[in-house]
Amino acid sequence: MVDVQDELREQACGVCLEKYNHPTKLPCGHIFCFLCVKGIAIQSKKCAMCRTEIPHDYLNNPVLLDNIPCEKNSTDCRTHDYQWYYEGRNGWWKYDERSNCDLEAAFIRGDKQCKLLLAGALYHVDFEKNLQVRQNDQTRRRRVRRDTPTLPSKGIAGIKTNSENLGGEIEAELHREHSENTENNEEILVSEDLNANASEEDLISEIVHTLSDITLRTQEETASDLPDTGNR
Amino acid sequence: MAALPRRIIKETQRLMQEPVPGISAVPSETNARYFHVIVTGPEDSPFEGGLFKLELFLPEDYPMSAPKVRFITKIYHPNIDRLGRICLDILKDKWSPALQIRTVLLSIQALLSAPNPDDPLANDVAELWKVNESEAIRNAKEWTRRYAMDN
């Protein structure tokens, strides 16, 4: 396992041409960065190497080969004092290491905004409004924040990291751009539900959490977050 | 404003440091996504000896979508029309983000060696290529001499 990971660290991803960032294995056996996989799974829906179709539900259960946050990969970046986050359902996600470097560099330069190519889609991060907006669908926006790396977060770039998880399990989840008014309210409701349950047995609250997570996921999947499939 | 994506920087550097024989691609000074390209006509093809200018543009969502490539030099080829547009599957539905500028240009060079009149873009050229290949090849050589050899 360690050997495989060491080996992976030396190789380059066929999509971004950089060292693997959260290497993820497709059913055909080809490996790309998690965000690169997300891009091709959403856009061409085919493996970039062999064109084998990627199962439509692949991103619900991606095969991640490396559960170590790979700060070692971003050796060209010295931004560990600050971490950029975007808002998700009941919590904040860390941006992946590369986007974090780009955001921090632009912010330090005094830019008003930063353009990011995330999973094949273009986003503008507005530093004055602290908002991330998708270029081809302006209704898809998320709040962003710059904070210390220790802020409690859901994970990195859609890869959920449970600190008290079972056997290092990593659960990845689709990015979902929330239009601020609707879905964020939904989120708040969910987290209030959870808080109400917090006084009860941990197990129950755990189950409720999982269930509401699953329900939300199913709803959102049918609502479809995929690009080029119509706007809200 | 927008920093150039690392992948584009990486590809550009490699194109400069390890150029592909017979192909040169130089980014424009004003737009790092726009490349001035020169492809030499392959040996044993009617385009041999010619230097063909092309333009290549990397769209904003590259490499998720394919580069836009066009011949600037006039060329007599069944899969390239009079506007220089190229009929090549990897530039359309067979694009993959694992392909690169260099692989695209190699494919275009290979297309010069292997015209495919059954999938034409320039219909009159393709027609002649099918019914009278030797005359078509003569035309291609003549166009190469006329348009692709005077610097």
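The values are calculated or read from the model by the stated rules, or taken from the named source; none is laboratory data. Remember, predicted model here, so these are calculated numbers, not experimental data. Every residue, glycine among them, receives a Cβ derived from its backbone with ideal geometry; neighbour counts consider all protein chains shown. Each accessible area value is taken on the protein alone, full model and side chains, heavy atoms only, with ligands, DNA and RNA left out. Shrake-Rupley method; radii C 1.70, N 1.55, O 1.52, S 1.80 Å.
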Answer residue from the stretch B:13-45, given it is in contact (Cβ under 8 Å) with a residue 40 or more places away in the chain and within 13 Å of chain A (Cβ to nearest Cβ) and is surrounded by the most Cβ atoms within 10 Å (Cβ to Cβ) among those: B:LEU15
Complete set of residues in the stretch B:71-93 that are within 19 Å of B:ALA122 (Cβ to Cβ), surrounded by fewer than 17 Cβ atoms within 10 Å (Cβ to Cβ), free of Cβ contacts under 8 Å to residues at least 40 places away in the same chain and not hydrophobic (A, V, I, L, M, F, W, C): B:ARG85, B:ASP89, B:LYS92
Leading residue by the ranking (farthest from the other protein chains (Cβ to nearest Cβ)) among those in the stretch A:6-26 that are out of contact with any strand residue (DSSP E or B) (no Cβ under 8 Å at 6 or more places or on another chain) and either touching a residue at least 60 places away in the same chain (Cβ under 8 Å) or not aliphatic (A, V, I, L, M) (or both): A:ASP6
Scan of the stretch B:94-145 for residues that are assigned to a loop (DSSP other than H, G, I, E, B), open to solvent by 20 Å² or more (accessible area, probe 1.4 Å) and within 14 Å of another protein chain (Cβ to nearest Cβ), ordered by number: B:LYS94, B:TRP95, B:ALA98, B:LEU99, B:GLN100
Filter result (more than 11 Å from chain B (Cβ to nearest Cβ) and either at pLDDT below 90 or not in a loop (DSSP other than H, G, I, E, B) (or both)) within the stretch A:39-57: A:ALA41, A:GLU53
Complete set of residues in the stretch A:118-152 that are surrounded by fewer than 19 Cβ atoms within 10 Å (Cβ to Cβ) and of a type in the set (S, T, N, Q): A:ASN130, A:GLN135, A:ASN136, A:GLN138, A:THR139, A:THR148, A:THR150
Top-ranked residue in the stretch B:56-70 [being in contact (Cβ under 8 Å) with a residue 24 or more places away in the chain and away from chain A (no Cβ under 12 Å); ranked as nearest to A:PHE32 (Cα to Cα)]: B:PRO67
Positions within the stretch B:51-64 being buried (at least 16 other Cβ atoms within 10 Å of the Cβ) and over 13 Å from the mean Cα position of the chain (by Cα), in sequence order: B:LEU58, B:ASP61, B:TYR62, B:PRO63, B:MET64
